[in-house]
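Scroll down for the structure; my scribbles are underneath it.
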Amino acid sequence: MSRSAKPLRSAMGWSNTDTITVRGRDLPSELLGHVNLGDMAFLEVAGRLPTKDESAVFNAVAVTLVEHGMTPSAIAARLTYLGAPESIQSAIAAGILGVGSVFVGTAEGSAQMLSASVTPETSQEEIAGIASRLVTEHRASRTPIPGIGHPVHKPIDPRVPRLFELAQQHGFRGTYCTLMEAVSAEAERQYNRVLPVNATGAVGALLCELKFDIRVARGIGAMARAVGLVGHIAEEMDTPMAAEIWARVEHEVVDFNRGDAS
């Protein structure tokens, strides 16, 4: 190694002829049979196993993001599988590419907004003023407020009360959750319409409460959604719909170009 080269270091995992170590723990004896998938994800990202309370909240966050029906990412995965059935990983990857600022990845936006607005010194008395400022700023710039509103779930996103209930039970219903709810209430006041906290708003708040680096928030969403996409591909194998989706789209486009569209 030249003197100017930066040493390569990683604490993720290593192995030799008879051992496999992950984040400093022996995989066969310390992790296999002892750690569930959610806790393993926590270990990989945070570098340590979660406490019992952290595990309950983090696993709830992950389960929340696994499935949400026939979303664009699920459709993309199914259509890609139709075109490349020999490469299931490509279909899953196609779906993951749709995890962004509109679907699933919005947890990153809410986590960023909350973490930038709260410090360890922030008091409960300041929350209403912070919420008012955030909503006013987003309204003035005509930008959506991350974590607020849902096209279907009104007046309440049913996932949110349960997530906050679990957070309360396990000691993680803190300032970030309070601010997220205050932003929702202030947005409803200013816009004069129903704008509930949505699932990714709650997830963003809970990732902040769990003290995750918010730069990985979208990655955690992608991790969870990957599980759901495998489920969609498994269903596509037995009960396919991708070919029908393709045929309907092509039919409508052809009819439109022929002037047959109503």
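The values are calculated or read from the model by the stated rules, or taken from the named source; none is laboratory data. Here the structure is a predicted model, which is why all the values come from computation and not from measurement. Cβ sites come from the backbone with ideal geometry, for glycine too, and all protein chains shown count toward neighbours.
So which helices (runs of 4 or more DSSP H) are wholly in region 60-151 and hold at least 1 residues that are in contact with a His (Cβ under 6 Å, 6 or more places away or on another chain)?
72-83
Count, please, the residues in region 100-112 that happen to be polar (S, T, N, Q), touching a residue at least 40 places away in the same chain (Cβ under 8 Å) and out of contact with any Ser or Thr (no Cβ under 8 Å at 6 or more places or on another chain).
1
If you check GLU236 against the conditions, is it touching a residue at least 60 places away in the same chain (Cβ under 8 Å) and not assigned by TED's automatic domain parsing to the domain that holds GLN169?
Spelling it out, GLU236 is indeed touching a residue at least 60 places away in the same chain (Cβ under 8 Å) and not assigned by TED's automatic domain parsing to the domain that holds GLN169.
What number goes with the only condition from (1) at pLDDT 95 or above; (2) in contact with a helix residue (DSSP H, G or I) (Cβ under 6 Å, 6 or more places away or on another chain) that GLY147 does not pass?
Going through (1) at pLDDT 95 or above; (2) in contact with a helix residue (DSSP H, G or I) (Cβ under 6 Å, 6 or more places away or on another chain) one by one, GLY147 breaks only (1).
Can you tell which of ARG133, ARG173, ARG159 is exposed (fewer than 15 other Cβ atoms within 10 Å of the Cβ) and either under 23 Å from VAL61 (Cβ atoms) or among the basic types (Lys, Arg) (or both)?
ARG133
Starting from residues that are within 16 Å of HIS150 (Cβ to Cβ), surrounded by 21 or more Cβ atoms within 10 Å (Cβ to Cβ) and not small (Gly, Ala, Ser), keep the ones in region 94-115 and report whichever is modelled with the lowest pLDDT.
The selected residue is VAL104.
Give me a count of the residues in region 1-33 that are among the β-branched types (Val, Ile, Thr) and in contact (Cβ under 8 Å) with a residue 12 or more places away in the chain.
Qualifying residue count, region 1-33: 1.
If only one of ARG258, ARG189 is among the basic types (Lys, Arg) and outside the structural domain of THR119 (by TED's automatic domain parsing), which one is it?
None of the others qualify; the one that does is ARG258.
For region 67-92, how many residues meet the condition of being within 29 Å of HIS153 (Cα to Cα) and crowded, with 17+ Cβ neighbours inside 10 Å?
10
Going through region 75-99 one residue at a time, which ones are without any contact (Cβ under 8 Å) to a residue 40 or more places away in the chain and under 15 Å from the mean Cα position of the chain (by Cα)?
Across region 75-99, the qualifying residues are LEU97, GLY98.
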